[in-house]
1. Using +1 on the beta carbon of Lys and Arg, -1 on that of Asp and Glu, and nothing else charged, what's the dipole of the chain about the Cα centre, debye to 20?
2. Taking the number of other C-beta atoms within 10 Å as the exposure measure, put R56, R113 in order starting with the fewest.
3. Within 10 Å of each candidate Cβ there may be at most 15 other Cβ atoms; applying that plus a DSSP loop requirement, which trypsin sites (Lys or Arg not before Pro) in the range 1-72 survive?
4. Would you mind telling me the antiparallel percentage of the DSSP bridges in the range 148-222, rounded to 5?
5. Fewest to most neighbouring Cβ within 10 Å: what's the order for M1, M197?
6. How big is the antiparallel share of DSSP beta bridges in the chain, given as a percent to the nearest 5?
7. Under the Karplus relation 6.51 cos²θ - 1.76 cosθ + 1.60, θ = phi - 60°, what is the ordered set of whole-Hz ³J(HN,Hα) values for the range 185-198, x standing for Gly and Pro?
8. So which GluC sites (Glu not before Pro) in the range 163-268 end up in coil per DSSP with only 16 or fewer other C-beta atoms within 10 Å?
Amino acid sequence: MELAVQTKGLVKVYGGKVRALDKVDLTVDAGTSFALLGPNGAGKTTLMRILTTQIRPTAGEARVFGLDVVRQGSKVRRLISYVPQEMSVWTDISGYENLLIYAKIFGIPRHERRKVIDEVLENMGLTGVQNEPVSTYSGGMIRRLEIACAMLIKPKIIFLDEPTIGLDPAARKVVWESLQVFKREYGVTIFFNTHYMDEADQYADNIAIINQGKIVARGTAEELKHSLGGEIITITFEKGIFKPDIAQEFRKSSYVKDVIVEEEGLNVIVSDAESTLPYLINILRENGVPIGRVSITRPTLDDVFLKFVGTRIVEKGRISDVKHMRDMIRKG
Ligand SMILES: Nc1ncnc2c1ncn2[C@@H]1O[C@H](COP(=O)(O)OP(=O)(O)OP(=O)(O)O)[C@@H](O)[C@H]1O
Ligand SMILES: [Mg+2]
């Protein structure tokens, strides 16, 4: 498969002391969507800035569709688009006028502009509001306009730094659904940074977790969750009939990794709940223990993040900062 991104031993040191990236090896397949997850200061934006040729690495190499980002920067820039975390549209003019300015900056020939602009407006669900001033748009609509601007040149890869930060869940969903249209129709590779676990879980084909400049885990969401080692079957019993000794019986099975005895029931850790559950129920039947309730829980991406980074993501403050800034800009 063609590689959209490839880095080898990528290092970035700011001002001789801050090691923002520490030997990052990464590949992203063309046509897929890729999420880089990490806490504040992990190096996400730094990596994106190197890949979009805005800053140079200190050591190592990075390629975008086989092109070296340092030696072939201008060729790389023809293939990519970048939506920064900060606002990148003007609010005192209409959505259409913004797109027209970008179309001119990108050198799209005059006779093609209208068609290309109509197409991105349509894909981003903005056709109906194209002539309204951006100052009347919601945060989600502004984000979709920014993405529309970035899509004018039909890039092979789009880099999005925190594409939905500060948006409410409904607006986030619309942004992602619109992005999926571009992925399907243009085959664009999507490379995004995010703090939202559910977003990476739902919309990324592959995920890498970065912490202190190092990639600490990578895989599909399923692989990452699986790497935590299994699923938990929780069995609770009717009052008075719980026999904790049943845990001993469970432990005899090679499918059972561990059993945690709690007051009203058992937490059985297994590698595959679906195949192990009938076996456990059988043991209960043989021992004449009526079951109260059974539930299966799987590790979430949050659990994975917690394991590899050591803390959950705290986004309070930061999101409201961005939101506040966007509101201020919108109001002029
Ligand atoms: N221009 C710069 N000069 C000096 N240090 C910098 C510069 N830009 C980033 N850093 C530092 O490099 C490290 C990585 O920063 P970076 O912005 O890449 O992190 P991030 O993962 O994008 O964080 P956030 O989630 O807050 O956006 C941080 O310690 C940051 O303070
Ligand atoms: Mg950042």
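Derivation of every value follows stated rules applied to the coordinates shown; laboratory data play no part. Since this is a predicted model, take the numbers as computed values, not measurements. For neighbour counting, all protein chains shown are included, and Cβ atoms are generated from backbone atoms with ideal geometry for every residue, glycine included.
1. Working: 45 positive and 42 negative charges, 316 e Å.
With only Lys, Arg, Asp and Glu charged at Cβ, the dipole is about 1520 debye.
2. Working: R56 12, R113 17.
Ranking R56, R113 by Cβ neighbours within 10 Å, fewest first, gives R56, R113.
3. Numbers: sites: K8, K12, K17, R19, K23, K44, R49, R63, R71; in loops: K17, R71.
Those that pass, being in a loop and sparsely packed, are K17, R71.
4. Working: 5 of 10 bridges.
Antiparallel: roughly 50 percent of the beta bridges in the range 148-222.
5. Numbers: M1 8, M197 20.
In increasing order of surrounding Cβ atoms, one gets M1, M197.
6. Working: 38 of 56 bridges.
Within the chain, antiparallel bridges account for around 70 percent of the total.
7. Running phi through 6.51 cos²θ - 1.76 cosθ + 1.60 with θ = phi - 60° gives 7, 9, x, 5, 7, 10, 10, 9, 9, 8, 9, 8, 4, 5 Hz.
8. On the way: sites: E177, E185, E199, E222, E223, E231, E238, E249, E262, E263, E264; in loops: E238, E262, E263, E264.
The qualifying sites are E238, E262, E263, E264.
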